[in-house]
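One structure below.
The values are calculated or read from the model by the stated rules, or taken from the named source; none is laboratory data. All of these numbers come straight from a predicted model, not from anything done at the bench. Heads up, the Cβs are rebuilt from the backbone with ideal geometry, glycines too, and the neighbour counts pull from every protein chain shown. Protein only, heavy atoms only, side chains kept; ligands, DNA and RNA dropped before computing areas. Shrake-Rupley method; radii C 1.70, N 1.55, O 1.52, S 1.80 Å.
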Amino acid sequence: MPRVVMMCGPAGAGKTTYAKRLERAGWTRLSYEVEFWDRGITTMPSAEVVAEVSADLKARLLRYVTAGNDVVLDFGFWFRRQRDEFRALLAPQGIVPETVYIATGLETILSRVGNRHGRWADDWPLTEQTATEYFERFEPPTPEEGPLDVVR
């Protein structure tokens, strides 16, 4: 049975670093930022573009797991409703995704996003104010949601 990991944490937490380790170990990594970059989008996209990319990523996810590939979703999953949506998407495949929550403090996050300059897909620049707002809106996952690994 293929495995699916949902990377969870606010911007700058370290999700992509963790996801890339899985990718180097043979997992397929799906990422909104990479998809935007590949489409030539280097600033915050419109809601229509986000919806289009989301549909494409979901379709790819289902193709990959049907083919037996392990997949890491390097998305963020900031809200429980997003995590629940992907659990429901994968349930008919018999897959219960694992959530890997990268629990990182705001001070560390701000130091990381301050080093982003938009030179590649995983280098999406954020202001300190935006990163702080994202951190404050983030809904941490709980064990009641399903398999959870908290990385500090």
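Looking at segment 1-28, which of its residues are within 17 Å of residue 83 (Cα to Cα) and of a type in the set (D, E, K, R)? Correct list: 3, 15.
Residues considered: 96, 65. Of these, the only one that is aliphatic (A, V, I, L, M) and open to solvent by less than 20 Å² (accessible area, probe 1.4 Å) is 65.
For segment 29-43, check the following and say yes or no: at least one residue is open to solvent by less than 30 Å² (accessible area, probe 1.4 Å), in a helix (DSSP H, G or I) and within 20 Å of residue 84 (Cα to Cα). The answer is no, given that none of the residues of segment 29-43 is open to solvent by less than 30 Å² (accessible area, probe 1.4 Å), in a helix (DSSP H, G or I) and within 20 Å of residue 84 (Cα to Cα).
If you go through segment 63-84, how many residues are more than 20 Å from residue 17 (Cβ to Cβ) and of a type in the set (A, V, I, L, M)? So the count comes out to 2. Looking only at segment 52-99, residues that are part of a loop (DSSP other than H, G, I, E, B), among the aliphatic types (A, V, I, L, M) and under 18 Å from residue 146 (Cβ atoms) come to 2 in all.
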